[in-house]
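**Q** Mind having a look at this structure? Questions to follow.
Each value in this text was obtained by applying a stated rule to the coordinates, not by laboratory testing. In this text the structure is predicted, and so the values were computed from the model without any measurement. Neighbour counts are summed over all protein chains in view; Cβ atoms, including those assigned to glycine, are modelled from backbone coordinates with ideal geometry.
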Amino acid sequence: MQMDPMDQVQKTAGSISRMEIRGAGRIATAAAAALRDFALAVDAGSLEEFNSEVRRAADLLNSTRPTAVSLSNAIRAVTRYRADDLETARQAVVSNANRFIESSEKAVQRIGQIGSRTIKDGDTVLTHCNSMAALSVIRTAHRAGMKINVIATESRPRYQGIATIGMLDELGTPIELIVDSAVRSVMNEVDLVVVGADVITANGTLVNKIGTSQIALCAHEARTPFMVAAETYKFSPMTILGEPVPIEERSPEEVLPGISKYRNVRVRNPAFDITPRQYIDVICTEVGLIPPEMSYMIIKERLGWEMDEGGI
Ligand code: RI2
């Protein structure tokens, strides 16, 4: 029996919440694909009903991870259409979603091509968490013939660093795994830090996996260049209006399984932290290397964002 289309959206939303699907880019493309499949399957009697069902599905997906702006930018890209009839609306969602997914894949490739030019033969590159954009930079440099040593942090509490070393292992490049607290001990051996982004604000502040800001601070102290690899849809339009970025606080159990046996202990588990732009040397996007101070322009020009813009 076929699953109800909204149940299917619920299933994707659950996978994103539980981080079975994770990474700012991957949750964005998963949400776009879920909306496309929903639009194709939903049984609506009128355009109005279709629009309201799509809105409901979009809201459900949007509520799964509160920090990553990639999710709301993807949903906005997919649900931005004007249609006079149901079938036109359906096709618009499908083509918007396919376009978003395709451009997201191309952006990661382009980021690799652009960012890899900053890597020299013999460099040691440190990365944190598991970012497809950051890994694209490392992979592309490797494919261009650079001999690179990679240092990957574990990235507690979810250990995304293990996914990173798994993905890089096949390259045959030397990889070292370190605990997060070892970053300062190795920083003097590092030539470049490259991390991904969950959000970049209008003033160039980075919101990324917890621990990123400490790494940036260490890199700054050691005069090691710190690069952020991010597709332009990781920039947050709402921050132009001064809206703060919510920091997702996840379950204490992720940090300390069995926490309930302690009576007076509270575990805090913020998933992301904030790196001020002073610690960021460059942001590598699919449209080029930009200083963090140019983030506002990216939002205005690339995301085509207008304050009065509607949608469905
Ligand atoms: P890509 C991840 O978040 C990490 O913070 C990573 O740096 C960021 O998304 C970007 O990843 P999480 O889902 O989009 O692990 O570059 O919380 O793959």
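**Q** Need the full-extension length gain, ARG143 to ILE178, defined as separation in residues times 0.36 nm minus the C-alpha distance. One decimal, nm.
**A** 10.2 nm
**Q** While we're on this one: Give me the angle, in degrees from 0 to 90, between the Cα long axis of helix 69-79 and the longest principal axis of the Cα atoms of the chain, rounded to the nearest 10.
**A** Around 30 degrees separate the two axes.
**Q** I'd like the trypsin sites (Lys or Arg not before Pro) in region 150-234 restricted to DSSP loop residues with at most 11 other Cβ atoms within 10 Å, sorted by number.
**A** Qualifying residues, ordered by number: ARG223.
**Q** Only residues of region 251-285 count here: report those whose backbone N is under 17 Å from the spot 7 Å along Cα→Cβ of ARG117, or say none.
**A** The answer is 282-285, whose backbone nitrogens lie closer than 17 Å to the label point.
**Q** From the phi angles alone, apply the Karplus equation (6.51, -1.76, 1.60; θ = phi - 60°) to region 264-279 and give each ³J(HN,Hα) in whole Hz, x where the residue is Gly or Pro.
**A** Couplings: 10, 9, 10, 9, 9, 9, x, 7, 9, 9, 10, 10, x, 5, 4, 9 Hz.
**Q** Using 0.36 nm times the number of residues separating ASP43 and TYR262, minus their current alpha carbon distance, what extension gain do you get?
**A** On the way: separation 219, 0.36 × 219 = 78.84 nm, distance 4.99 nm.
The ASP43-TYR262 span can extend by a further 73.8 nm.
**Q** Mean separation of Cα pairs under 8 Å and 6+ residues apart, divided by the residue count of region 111-303: what relative contact order is that in percent?
**A** Relative contact order here is 23 percent.
**Q** If one takes the longest principal axis of the Cα atoms in the chain, at what angle in degrees, from 0 to 90 and to the nearest 10, does the Cα axis of helix 86-116 lie?
**A** Around 10 degrees separate the two axes.
**Q** Moving on. Work out the count of Lys pairs in the chain where the Cα-Cα distance is under 19 Å, with the pair 8 or more places apart or on different chains.
**A** Taking the chain as the scope, the lysine pair count is 4.
**Q** Rounded to the nearest 500, what is the 222 nm mean residue ellipticity of the chain from helices alone, with -39500 (n - 2.57) per DSSP H run of 4+ residues and division by all residues?
**A** Computed mean residue ellipticity for the chain: -13500 deg cm²/dmol.
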